[in-house]
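The values are calculated or read from the model by the stated rules, or taken from the named source; none is laboratory data. Please read all numbers here as calculations on a predicted model, not as lab measurements. Neighbour counts are summed over all protein chains in view; Cβ atoms, including those assigned to glycine, are modelled from backbone coordinates with ideal geometry. Side chains are part of the model used for accessible areas, which takes the heavy atoms of the whole protein and leaves out ligands, DNA and RNA. Shrake-Rupley method; radii C 1.70, N 1.55, O 1.52, S 1.80 Å.
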Amino acid sequence: MDAAFLDNQLGFVTIRSSEEPDIWRTADGGEHWERVELPDVPEWYSISYAPERQGDLLVLYVGMEDYTKYGGEKAKYESADRGETWEYKGLVLRK
């Protein structure tokens, strides 16, 4: 679905799923991957996108199947520890 390396070590891959967000993280340049767990995912929100840097935070959005990456209502998550843990910040509208 989406992928991004934010530096030469930290990367994320998201896989399309109709059931729940399927996000994978590496902190060693892709040698090892671990599944990312998100708290409080709203019902019907399963399409995830690779995180973006916003200041000192990583921001990740999860949408419903019928919206695009940059449009529609998204569940917003923030991480202050390079994506090891995530905090649910509520629903936002991306245009």
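When you scan the stretch 1-21, do you find a residue that is surrounded by 15 or more Cβ atoms within 10 Å (Cβ to Cβ), among the hydrophobic types (A, V, I, L, M, F, W, C) and over 20 Å from residue 87 (Cα atoms), even just one?
Residues of the stretch 1-21 that are surrounded by 15 or more Cβ atoms within 10 Å (Cβ to Cβ), as a first pass: 1-2, 6, 10-14, 21.
Retained after the next criterion (residues that are among the hydrophobic types (A, V, I, L, M, F, W, C)): 1, 6, 10, 12-13.
Of the ones still in play, those that are also over 20 Å from residue 87 (Cα atoms) are 1.
Scanning the stretch 1-21, I find at least one residue that is surrounded by 15 or more Cβ atoms within 10 Å (Cβ to Cβ), among the hydrophobic types (A, V, I, L, M, F, W, C) and over 20 Å from residue 87 (Cα atoms), so the answer is yes.
I'm trying to understand the selection: among the residues of the stretch 1-35, which are at pLDDT 95 or above, part of a strand (DSSP E or B) and charged (D, E, K, R)?
Selection gives 22, 25, 34, 35.
Restricting attention to the stretch 61-81, does a residue exist that is surrounded by 12 or more Cβ atoms within 10 Å (Cβ to Cβ), free of Cβ contacts under 8 Å to residues at least 24 places away in the same chain and within 17 Å of residue 5 (Cβ to Cβ)?
no
Give me the pairs: first residue in the stretch 28-41 and within 11 Å of residue 11 (Cβ to Cβ), second residue open to solvent by 40 Å² or more (accessible area, probe 1.4 Å) and assigned to a loop (DSSP other than H, G, I, E, B), beta-carbon distance under 8 Å, and six or more apart or on different chains, which are they?
The qualifying pairs are 28/9; 29/8; 29/9.
Of all residues in the stretch 62-79, which are among the hydroxyl-bearing types (Ser, Thr, Tyr) and at pLDDT 95 or above? Spell out the reasoning first.
Restricting attention to the stretch 62-79, the residues satisfying the condition of being among the hydroxyl-bearing types (Ser, Thr, Tyr) are 67-68, 70, 77, 79.
77, 79 - these are the residues of the stretch 62-79 that are among the hydroxyl-bearing types (Ser, Thr, Tyr) and at pLDDT 95 or above.
Only one residue in 82, 94 is of a type outside the set (Ser, Thr, Tyr) and at pLDDT 95 or above. Which one? First the steps, then the outcome.
Values: 94 fails: at pLDDT 95 or above.
The unique qualifying residue is 82.
Quickly run through the stretch 1-48 and pick out the residues that are β-branched (Val, Ile, Thr) and more than 18 Å from residue 78 (Cβ to Cβ).
Filtering the stretch 1-48 for residues β-branched (Val, Ile, Thr) gives 13-15, 23, 26, 36, 41, 47.
Result: 13, 15, 26, 47.
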